[in-house]
Amino acid sequence: MKTYIKILLSTLLLGCFSLGASAQVKDVAALLKTIHGKRVVCEYSYTAGKVQGSGTATIQEGKYIVKGNGLEIYCDGVNRWTVDPDAKEVYIEPAGDETEIFSNLSQYLKGVEGLKFDGSNLSGRIKGQDGSTMDCKATNIKAFPYISGENFSYNTTKLDKSWVITDLR
């Protein structure tokens, strides 16, 4: 499950926040200025070897909600809830390494190759330390005003007893 989360986050971060890191496209800096401090919504897809995935994401200042491939992931910047509605399972853990990516984006983006942006769609390839690659796309990227007090956590109190909740905080 952690590998899946890292793949999703890599895709999202590439798609929604790498826009200012590429000198390949002139208007990228202007777009970064447009999305800075905003709520960013996009669709994403990735291919890593034989593994493919897609979904939607909402990101706001290091907090996010990702939905795709049957899972929902909520992160409030401190904790992360991975929800599998079909299996009726919720896995709760500290947010982890991805919060570092938000605060140290320029270091993270050194692994992105072939970044292409056409105005609202972005693609590129992320190279892993082990030599593996992941092709990523973010499409329909939209920026909205920041919503103060927006809740990016998942409320487990509304779930019935048939759900399995694993809390590792």
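The values are calculated or read from the model by the stated rules, or taken from the named source; none is laboratory data. Predicted model only: the values in this text are computed from it and were never measured. As a convention, Cβ positions derive from the backbone with ideal geometry for all residues, glycine included, and neighbour counts pool all protein chains shown.
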>> I need the full set of residues from segment 120-132 which are under 17 Å from the mean Cα position of the chain (by Cα) and touching a residue at least 60 places away in the same chain (Cβ under 8 Å), in order please.
In response: LEU122, GLY124, ILE126
>> Quick check on my filter: what residues within segment 121-164 are over 23 Å from CYS42 (Cβ atoms), exposed (fewer than 13 other Cβ atoms within 10 Å of the Cβ) and not charged (D, E, K, R)?
In response: GLN129, GLY131, SER132, ASN155, THR157, SER162, VAL164
> Any chance segment 31-45 includes a residue that's hydrophobic (A, V, I, L, M, F, W, C) and at pLDDT 85 or above?
Replying inline: yes
> For residues in segment 53-86 being among the β-branched types (Val, Ile, Thr) and in a strand (DSSP E or B), which is nearest to LEU159 (Cα to Cα)?
Replying inline: VAL83
> Of these, THR166, THR157, THR139, which one is closer than 24 Å to CYS75 by Cα, in a helix (DSSP H, G or I) and of a type in the set (S, T, N, Q)?
Replying inline: THR157
> Out of curiosity, is ALA87 at negative phi, at pLDDT 90 or above and out of contact with any Asp or Glu (no Cβ under 7 Å at 6 or more places or on another chain)?
Replying inline: yes
> What are the residue pairs meeting all of these: first residue in segment 91-102, first residue modelled with pLDDT under 70, second residue of a type in the set (Ser, Thr, Tyr), Cβ atoms under 7 Å, and 6 or more apart or on different chains?
Replying inline: ILE101/TYR108
> So which residues in segment 35-64 are among the aliphatic types (A, V, I, L, M) and within 16 Å of ASN140 (Cα to Cα), if there are any at all?
Replying inline: ILE35, VAL40, VAL41, ALA57, ILE59
